[in-house]
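See structure below.
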Amino acid sequence: MEKRKEVMKNESLDFVLDQNWQKAFKNREIKEDFRNLKEHLVPAERGIKYCVDERPINRVLEGGEIEEKFTYNQKAALPGGSLFWVTLFRALGQDLDEALTLTKRLHQFMGWGKMEIHIDDHHGALENVLQGKEEVLGCGFLGVSAEVVKALKKSFASRLPFQELDSTPLSQVVNQTYQAGARVIELTGEHKAQEAAYVINLIPNTTLPQPQLYSTPTPAFVTDLWIVRDVNTNGQTVAEVLNSLLEKELFTPSLLEEVTFLATLKTAQLLSAYRQDNIVLISKNGE
């Protein structure tokens, strides 16, 4: 079993760079329990939710207040939530302050509302974020982001000027993102990485409600890959807004999709949530 896990951890993800990558999913035998996850899709509001994480929400920190009773409105999921974009900007040479400024502007221009990130109650509670303490290590994506960026740098060397991340402490990234106006979600419970599906969702304006699935036979991580092809009210794609913010013509929608797809699968691989039988593609045509 340990050897199999190691194979999964090191499996090549080069198929992500193939224009026909969806065919790779058609050839995978996924666990039978995961085949009906499409039925659990719910509407997603405009915006980026806290993460792809499969665990339930415990509390929410926003505007200096910790809320134990709240209504959570589902949005699109990416690894690390808004930290995905912070990490992308840092990998393209921006320091943390500038990366946060650009991420806020990206949310503004795309009509995505507030930035949103998460921690968990095992590795630094919301009180620590509120007080700006160093004991905040709750985001798995952030923990492996340096390795994810190394993978992106290698795979896109001829197309994008990725740089390895600097050594900014993880707690500083979380605390400064909150101070920049992000909503912080505190998750609870143990990961179900060996039981959960890892879903790539291509159906626009939908997502999976991970907290509701956590206690069912089909817990699921989810990346709403459709969000990287979102278009704002001015008709601009995410790629066009990124290029404008960076003042460089770096991205096309398809290239941004490749980057995001590789980043999410590499994250799953590094966190032992990637298996041959649990990667599920949800698309309109059922492929």
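The values are calculated or read from the model by the stated rules, or taken from the named source; none is laboratory data. Since the model is a prediction, treat every value here as computed from it, not as a measurement. Ideal geometry is used to build each Cβ from the backbone, glycine not excepted, and the neighbour counts take in all protein chains shown. The accessibility values were calculated without ligands, DNA or RNA, using every heavy atom of the protein model including side chains. Shrake-Rupley method; radii C 1.70, N 1.55, O 1.52, S 1.80 Å.
Computed quantities for the displayed model
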read-out	value
Neighbours by Cβ (under 8 Å, 6+ apart or cross-chain): first from the stretch 97-124, among the polar types (S, T, N, Q) and assigned to a helix (DSSP H, G or I); second open to solvent by less than 10 Å² (accessible area, probe 1.4 Å) and at pLDDT 95 or above	Thr103/Ser82; Thr103/Trp85; Thr103/Val86; Thr103/Phe89; Thr103/Met115
Some residue of the stretch 71-85 being surrounded by fewer than 19 Cβ atoms within 10 Å (Cβ to Cβ) and either in a helix (DSSP H, G or I) or touching a residue at least 12 places away in the same chain (Cβ under 8 Å) (or both)	yes
Where Asn243 falls short, out of the listed (1) in contact (Cβ under 8 Å) with a residue 60 or more places away in the chain; (2) open to solvent by less than 20 Å² (accessible area, probe 1.4 Å)	(1)
Every pair of residues 6+ apart whose Cβ atoms lie under 8 Å, when the first sits in the stretch 33-48 and is closer than 12 Å to Ala77 by Cα and touching a residue at least 60 places away in the same chain (Cβ under 8 Å) while the second is part of a strand (DSSP E or B) and of a type in the set (D, E, K, R)	Ala44/Asp224; Gly47/Glu116; Ile48/Glu116
Qualifying position, being under 19 Å from His118 (Cα atoms), open to solvent by 20 Å² or more (accessible area, probe 1.4 Å) and of a type in the set (S, T, N, Q), among Gln276, Gln194, Gln212	Gln212
Among residues of the stretch 128-142, those that are surrounded by fewer than 20 Cβ atoms within 10 Å (Cβ to Cβ) and touching a residue at least 60 places away in the same chain (Cβ under 8 Å), counted	1
Verdict on Ser145 being open to solvent by 80 Å² or more (accessible area, probe 1.4 Å) and either hydroxyl-bearing (Ser, Thr, Tyr) or not in a loop (DSSP other than H, G, I, E, B) (or both)	no
Selected residue [touching a residue at least 12 places away in the same chain (Cβ under 8 Å), among the charged types (D, E, K, R) and surrounded by 23 or more Cβ atoms within 10 Å (Cβ to Cβ)] from Asp224, Asp230	Asp224
